[in-house]
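What follows is calculated from the coordinates using simple rules that are stated; it is not laboratory data. These numbers were taken from a predicted model, which means no experiment stands behind them. Glycine also receives a Cβ, built like all others from the backbone with ideal geometry; neighbour counts cover every protein chain displayed.
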Amino acid sequence: MGNMKISGTADITHEGIKKHFTKWKKYSFQAINELIANGFDAGAKRVDVIVDHNELHGLESVTILDNGSGIDINQCDLHFSKFNESSKHGDDDAQGAHGKGRLAFHLLCSSASWFTKCKKANAIIKIESQSLRNFIAEEIDSSNQHALLSSTGSGTCVVLKHFKENLPGAEEIRKRLETYFGWRLALNPDRELTVNGVKVEIPECRVIEKEVSIDDVTFQVDFIRWINKPGDEKSYNYVVSNEGRILHRALSSFNNKPLFYLSTYARSDWFDNFDKHNTSLNFSGNAQVNESSPEFRELKKRINRLSGEIYEEFLREFVDEKIEEYEAKGYFPSHKFISQEESLWRRSNTKSFVKKLYIADPSIFNNTKEKPLKILIALIDKILVSNENDTIFDVIGEILDLSESQIELLSDQINNSSLENIISTIEILQKREFAVHKLREIMVNHYKQVLETPDLQGIIESNTWLFGNQYAILGAEEDDFQRVALNLRESVKGIKIVDENDLEPEDLDAGLSIEGVRRQVDLFLARKKLSFNSRGESYYQCTIIEIKKPAIALNEKHLKQIKDYARIISEHVGFSMEKMRFEIILVGRKISERDFDINSALETAEAKNEPGLVFSTKNDRIKGYVKTWGTIFAEFDLSNHYLLEQLKTKRKSLETKSSDQLVDDLKSPA
């Protein structure tokens, strides 16, 4: 075999070439992506990336091996003499940079060699980073061919050497390649990409398969929603042949939706004669198969509608997570000066409205900083309970540029959602009324007979809202925190001792037995949950509830016990961190008439507008509260009755409006 040797020069200066790579300087790894893409564009079913290090752990070489068609040395001018020009221009199936990607290697290293085998001919092409416009292509004997190509029929092996900078580890390289080539690997399951022998996987995604029938034509459409953005790939709608080749692509109308990345692939035998440029002459008498075909136009509409449904589902999931985040960060108003039940309903109603508004236009919240966002949510909360709540839709319509029908639809959705919230809240309040009724019977009317009540612990755990709105959801028990808190309680002096001073004289006169009281049990709950302060800083809110035996009347001894408990907590090494806040709540049937300390502390707490507060540390890291069942039940009765009446009135108004709408709908012709 004669050794043909070609020296060539690109039609551009060396400096001119380098200017084309300015935007890649900060991400030089793109050079590896381009060489892999060239392999797949050459029809390779497998591309292997091999990273070699020397004994000193320095980067020795990077090899990109593919089993594609190889490079024809007789046509080197078509590939290497033309810069920023390529036969791949206009080919939607190609992923490379169309005439310049091969020269991106200079961002990483100074030397690149292309060993290639094409049509049984062996060749090598070399380029140095000091002179990017010049290349040398030489035909070689099979004995001089790269060992990795010796057993293949065709392919290319690119070897990069003399690196200017190091590369990340193999695992990080795989992650980057997953992001960049994941969509291509998902489209072509028969293709494989490896790094040092380890397969590059398809990144996390959700696949929705649909069959679309239009007239007599059936299309198989795969919708792939990526959890993370797939490299620089935008959201496209693809037309794909049965062999997995991309015949046509067009940007999806969902391309610029924040955090939403969707690729759709449509396949059908109907595409076998697809002509995306509509340039072929038709002598067959059969209908043309191109972008103007009625079937194709209808397919685009169906894909757009199905994509919209997937986007709406994504938004609902995304918004649910956002609402939880807003709640955790304290973005929703706290409603300190209204009843617990009304506060719960207000928050639920506001959350529902914010959710609907978020879905209508996510950009309202995505581009809003924390303080304006809190103000916006607070204003929504106020307007929703005012007599001007209908005007909110006028404001939304002007700002969001929604049509009258869209505003009406949003209004109906929110009204229906409000009605559902009201009915749900009424059911909750009625269940709470029943729970309070049962507890009142136990704690007030039958306290003398209550002995060991195993179910009582569960009842209290399920109804922590009784002790205040902020305790409505304390979360599941954490074994470690519960155990440590309980052990610390055991070290409080006299915590388990019951004597005559703990009972009221009139109760003893009425036949209350001290021995019977001693058989009664104290209830103890300890919970820890993640919370956020007004500055958005996280901390652990620790709540400890001590419920005294039903027959005991609270006095200064019990107040001293929870103060001792607070001191022990403050000194415990596991609870001393600044990121922990404690609230200790002492609950009893009543406060002893002979007591002075608790009543005095409660009177002082009224000035701070913190009902039940009996002590707090200077930095408010530990607070102590005393509550009686009598005041707990009375507060609930008053607020619950008021809110129930208000909600029932609101429900009647919404239900009437909904029924009127139904009548109007029925009057309209079908």
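From the phi of every residue in region 544-551, what ³J(HN,Hα) in whole Hz does the Karplus formula 6.51 cos²θ - 1.76 cosθ + 1.60 yield, where θ is phi - 60° and glycine or proline is x?
For region 544-551, the Karplus-derived couplings read 10, 10, 10, 9, 6, 3, x, 7 Hz, x marking Gly and Pro.
For the ranges 362-375, 165-178, 109-122, what's the packing order if you count other beta-carbon atoms within 10 Å of each residue, average per peptide, and put the highest first? Each step should come with its number before you reach the end.
Working: 362-375: 13.0, 165-178: 15.6, 109-122: 20.0.
Ranking the peptides 362-375, 165-178, 109-122 by packing returns 109-122, 165-178, 362-375.
Rounded to whole Å, give me the distance from the Cα center of region 158-235 to that of region 331-381.
Cα centroid of region 158-235 versus Cα centroid of region 331-381: 39 Å apart.
Among the GluC sites (Glu not before Pro) within region 201-272, which fall in a DSSP loop and have no more than 16 other Cβ atoms within 10 Å of their own Cβ?
Numbers: sites: Glu201, Glu204, Glu209, Glu211, Glu233, Glu243; in loops: Glu201, Glu204, Glu233, Glu243.
Those that pass, being in a loop and sparsely packed, are Glu201, Glu204, Glu243.
List, in the order given, every pair from Lys329/Lys431; Lys100/Lys161; Lys257/Lys369; Lys548/Lys579; Lys25/Lys371; Lys431/Lys618 whose Cα-Cα distance in the structure shown is over 31 Å. Kindly include the intermediate steps, with their values, before the conclusion.
Working: Lys329/Lys431 29 Å; Lys100/Lys161 19 Å; Lys257/Lys369 19 Å; Lys548/Lys579 29 Å; Lys25/Lys371 37 Å; Lys431/Lys618 39 Å.
With Cα atoms farther than 31 Å apart: Lys25/Lys371; Lys431/Lys618.
Which ³J(HN,Hα) values, rounded to whole Hz and listed in residue order, are derived for region 23-33 from phi using the Karplus coefficients 6.51, -1.76 and 1.60 in 6.51 cos²θ - 1.76 cosθ + 1.60 with θ = phi - 60°, glycine and proline given as x?
Coupling constants for region 23-33: 6, 8, 4, 7, 9, 5, 4, 4, 4, 5, 4 Hz.
Considering just Cα atoms, how many Å³ per residue does the convex hull of region 5-199 enclose?
Details: hull volume 23.8 nm³, N = 195.
Looking at region 5-199, the number lands at 122 Å³ per residue.
Counting other beta carbons within 10 Å of each Cβ, put His146, His558 in order, fewest first.
By the 10 Å Cβ count, ascending, the order reads His146, His558.
Expressed as a rounded percentage, what relative contact order does region 5-199 have, with Cα pairs under 8 Å and six or more residues apart? Write down the numbers at each step before the final one.
Details: 375 pairs, mean separation 56.2, N = 195.
Reported relative contact order: 29 percent.
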